[in-house]
């Protein structure tokens, strides 16, 4: 699987909101739907998908969603914004079932790719049938062990992508900036005397320095300016500005360094 992020705005719209949920079939991907609140319905506009850790200036992606919203609708105000992270499988179908051929009592349900509400119910049905020894007509379609020879090219491509960040970028990763003049809410990885440091300045102007090596498998993290986090481009782990774990698979924080 690979992790992807996407971005959502909640907007107040003048006039009638679209009745239903709509998705584009072209890129860049866009979704639109209304949502009821105590103060009236708001419109949720989402999109700008990308692999985690592959975009540094994520604040621009929020602006891109807002530009599209204002092009298509009479926007009165933007009330909220947030992002989400989902795992995507090679064939875009979730993995639901036994986690390995040798496992009799350990099951997995993952790779929902943003369709968690629907597929959580599918998973509940498939897994409960599996545990109770009942056959299920969907089980083979979602089987985590279904990878076939035709899928190996995608598997190799994805693993080479991870190796690139794990090996090559450890040698060359470096951003060009002067730490002393680093503005608020900005960050990056710098290299001095063959040692790399992830440095960022928070909204108060305080400087934070941590090891750039993700504690999961040592890939070099990337600064996410919109959410003030360090994101791993290999497997999707995310860390706060001071290195605390926000999102797995990493379990340990980034090592702190002297600013």
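Side notes on the structure shown:
- Take the Cα of residue 76, go 7 Å toward its beta carbon, and the backbone nitrogen atoms of segment 37-58 under 19 Å from that spot belong to 37-45.
- Sorted by Cβ neighbour density within 10 Å, fewest at the top, the residues 21, 1: 21, 1
- Ratio Rg/Rh [Cα only; Rh per Kirkwood] for segment 2-86: 0.97
- For the peptides 23-36, 45-58, the ranking by packing is 45-58, 23-36, with the highest mean count of neighbouring Cβ atoms within 10 Å listed first.
- Evaluated over segment 66-109, the Cα radius of gyration and Dmax, each in Å: 19.9, 56
- This ranking places 37, 84 by how few other beta-carbon atoms lie within 10 Å of each, fewest first, which gives 37, 84.
- Residue 217 paired with residue 115, simple spin-label distance in nm, labels 7 Å along Cα-to-beta-carbon: 2.6
- Listed peptides 119-127, 211-219, 231-239 by packing density, highest first (mean Cβ within 10 Å): 231-239, 211-219, 119-127
- Over segment 1-159, relative contact order from alpha-carbon pairs under 8 Å, at least 6 apart, %: 24
- Length available on full extension from residue 203 to residue 129: 0.36 nm per residue minus the Cα-Cα distance, which gives 21.6 nm.
- Geometric descriptor of segment 95-146, per residue, is 69 Å³ (volume of the convex hull of the Cα atoms).
- Hydrodynamic radius (Kirkwood) for the chain, which is based on Cα pairs only, to one decimal in Å: 20.7
A short reminder: the numbers here are calculations on the coordinates, not readings from a lab. Computed from a predicted structure; not experimentally measured. Heads up, the Cβs are rebuilt from the backbone with ideal geometry, glycines too, and the neighbour counts pull from every protein chain shown.
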